[in-house]
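Colleague: Take a look at the following structure, please.
The values are calculated or read from the model by the stated rules, or taken from the named source; none is laboratory data. All values reported here derive from a predicted model rather than from experimental measurement. Positions of Cβ are generated from backbone atoms using ideal geometry, with glycine treated the same way; all protein chains shown enter the neighbour counts.
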Ligand SMILES: [Zn+2]
Ligand SMILES: [Zn+2]
């Protein structure tokens with residue numbers, strides 16, 4: 001049996017590699033990939049803003065079906081029995097569980113993360129999602145997908161949803177708070193739904209019609225259209241009209257541009273909280289006066305990733321809210337693996353909210 005996997009050696013370049021699918025070693029699990037979403041981080045690499053020069057194996061928001069179980073594998077990481085054919089969502093990274101951050105619950109900042117596979121030539125080749133197959137390593141966390149959660153929705157639980165779940169928990173955003181979400185993409189929409197479930201009042205900012213419509217469907221109480229308020233100070237004024245004159249209690253930055261972070265510091269109330277998740281590209285910089293934070297006593301919590309067990313929390317949340325929000329609309333463009341480059345291009349041009357690769361389509 002042969003399989004195919006994509007590799008991104010440089011910006012705007014995608015190669016496909018074909019290999020024999022290796023035997024499944026004891027403790028490993030082999031998935032047939034059902035869906036792998038295009039995450040914002042992959043779009044940053046595609047544009048050459050992030051990890052340029054090293055290349056990457058794209059695809060980490062994925063869901064698959066168990067093709068083969070290695071010897072000794074009979075349960076998922078929550079202890080649920082599993083069998084061939086079951087649908088699975090794997091956590092795409094591995095942490096040490098021993099360092100100072102892991103033992104205090106901040107696994108996302110693990111000091112000794114276990115290395116991933118830098119190139120598909122290394123066996124067992126299939127270790128990323130833009131691929132026909134995916135190997136789950138023995139110590140990798142994975143969960144059976146609840147029956148009422150479709151593949152596409154389960155795929156977005158990984159990364160996007162788990163990350164904002166963790167961010168809102170870590171920031172303690174809860175009942176009666178006003179939260180501004182900058183950016184109504186995958187992360188932003190998941191954050192809105194979770195925040196609403198906690199009794200948070202949500203104000204969403206974006207500049208694309210379909211994204212603004214999604215924001216309202218995913219629980220935003222108010223939306224601010226950037227086209228209608230093109231200047232940062234106008235948006236800030238509008239936010240204060242909606243939140244009250246002190247400003248919002250918290251701002252979640254998932255727009256991925258430095259200006260949005262500056263704007264978050266400007267609009268949050270004195271003593272408020274800025275959750276910084278979107279800016280991941282070193283090449284994107286901005287001039288910055290630290291006094292913006294000091295003189296308002298602003299708390300900034302910046303983070304990437306999430307504790308691995310948050311994927312289980314995310315899947316359970318989806319299972320409970322699957323009928324309440326239009327999760328199935330989140331992936332608005334589906335592509336066969338062979339057209340993954342087009343999926344990345346369309347994502348870069350923001351012509352789609354969340355593109356998905358479905359290797360079963362070819
Ligand atoms: Zn991601
Ligand atoms: Zn660790």
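Colleague: Restricting to region 139-153, name every residue that is at pLDDT below 95 and away from ligand 2 (no atom under 16 Å from the Cβ).
Modeller: Within region 139-153, 150, 151, 152, 153 meet the criteria.
Colleague: Could you figure out which of (1) touching a residue at least 12 places away in the same chain (Cβ under 8 Å); (2) closer than 30 Å to residue 131 by Cα; (3) within 20 Å of the chain's Cα centre (by Cα) isn't true of residue 349?
Modeller: (1)
Colleague: It is to be established whether one or more residues within region 195-207 are more than 16 Å from ligand 2 (Cβ to nearest atom) and closer than 30 Å to residue 119 by Cβ.
Modeller: Step one: filter region 195-207 for residues more than 16 Å from ligand 2 (Cβ to nearest atom), giving 195-207.
Next, from what is left, pick out any that are closer than 30 Å to residue 119 by Cβ: none.
There is no residue in region 195-207 that is more than 16 Å from ligand 2 (Cβ to nearest atom) and closer than 30 Å to residue 119 by Cβ.
Colleague: While we're here: Determine whether residue 59 is in the same structural domain as residue 140 (by TED's automatic domain parsing) and within 17 Å of the chain's Cα centre (by Cα).
Modeller: yes
Colleague: Which one of these does residue 101 not meet: (1) at pLDDT 95 or above; (2) more than 16 Å from ligand 2 (Cβ to nearest atom); (3) over 17 Å from the mean Cα position of the chain (by Cα)?
Modeller: (2)
Colleague: Okay, next question. Go through region 108-120 and report how many residues are more than 16 Å from ligand 1 (Cβ to nearest atom) and more than 18 Å from residue 56 (Cα to Cα). Steps first, please.
Modeller: If we filter region 108-120 for residues that are more than 16 Å from ligand 1 (Cβ to nearest atom), which is where we start, we get 109-112, 114-115, 117-120.
After this cut, where a residue has to be more than 18 Å from residue 56 (Cα to Cα) as well, the list is 109-112.
Residues flagged as more than 16 Å from ligand 1 (Cβ to nearest atom) and more than 18 Å from residue 56 (Cα to Cα) within region 108-120 amount to 4.
Colleague: Give me the helices (runs of 4 or more DSSP H) completely within region 287-362, filtered to those with at least 3 residues that are in contact with a helix residue (DSSP H, G or I) (Cβ under 6 Å, 6 or more places away or on another chain), buried (at least 23 other Cβ atoms within 10 Å of the Cβ) and modelled with pLDDT of 95 or more, ordered by residue number.
Modeller: 310-321
Colleague: Go through region 121-238 and tell me which helices (runs of 4 or more DSSP H), entirely inside it, have 2 or more residues that are more than 16 Å from ligand 1 (Cβ to nearest atom).
Modeller: Numbers: elements: 151-156, 162-171, 186-197, 209-217.
Fully inside region 121-238 and qualifying: 162-171, 186-197, 209-217.
Colleague: Testing residue 164 on (1) surrounded by 21 or more Cβ atoms within 10 Å (Cβ to Cβ); (2) in the same structural domain as residue 79 (by TED's automatic domain parsing), one condition comes back false. Which one is that?
Modeller: Single failed check for residue 164: (2).
Colleague: In region 75-94, which residues are within 16 Å of ligand 1 (Cβ to nearest atom) and out of contact with any strand residue (DSSP E or B) (no Cβ under 6 Å at 6 or more places or on another chain)?
Modeller: Start the filter on region 75-94 by keeping residues that are within 16 Å of ligand 1 (Cβ to nearest atom), which leaves 89-94.
Within region 75-94, 91, 92, 93, 94 meet the criteria.
Colleague: Which of the following residues is surrounded by 15 or more Cβ atoms within 10 Å (Cβ to Cβ), in a helix (DSSP H, G or I) and in the same structural domain as residue 193 (by TED's automatic domain parsing): 256, 266? Walk me through it before giving the result.
Modeller: Values: 256 fails: in a helix (DSSP H, G or I).
Unique residue meeting the criteria: 266.
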